[in-house]
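Attaching a single structure in structure tokens format; questions to follow.
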Amino acid sequence: MRTTVTIDDNLLVLAKQRASERGKTLGDLVEDALHYYLAMPKPGGKAAPPLPVFQGGGGFLPGIDPTSNVSMLDAADADDPHVNG
């Protein structure tokens with residue numbers, strides 16, 4: 001379908017250059033841009049669902065010394081059957 005649109009002169013020059021760089025016609029570039037734009041979510045659409053926030057306690061298990069690499073590595077390997085196996 002043919003139609004007439006008004007485009008800023010500077011924008012038109014840039015669009016023609018980009019189309020040429022990609023081996024496309026100006027019409028192809030405009031059509032691709034419209035497909036891309038129309039595929040974007042509508043402003044004011046549904047908000048993203050809230051992310052869950054961990055509300056529990058924290059800290060190290062009894063017997064783990066956070067200042068000791070050996071203690072930390074032992075704790076990390078405690079349930080690995082290949083290490084303790």
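The values are calculated or read from the model by the stated rules, or taken from the named source; none is laboratory data. These numbers were taken from a predicted model, which means no experiment stands behind them. Every residue, glycine among them, receives a Cβ derived from its backbone with ideal geometry; neighbour counts consider all protein chains shown.
Sort out for me the helices (runs of 4 or more DSSP H) sitting completely within the chain that have 2 or more residues that are touching a residue at least 60 places away in the same chain (Cβ under 8 Å) and small (Gly, Ala, Ser).
Answer list for the chain: none.
Quick one: count up the residues across region 1-59 that are surrounded by fewer than 11 Cβ atoms within 10 Å (Cβ to Cβ), among the aliphatic types (A, V, I, L, M) and either at pLDDT below 95 or under 27 Å from the mean Cα position of the chain (by Cα) (or both).
Residues meeting the conditions: 10.
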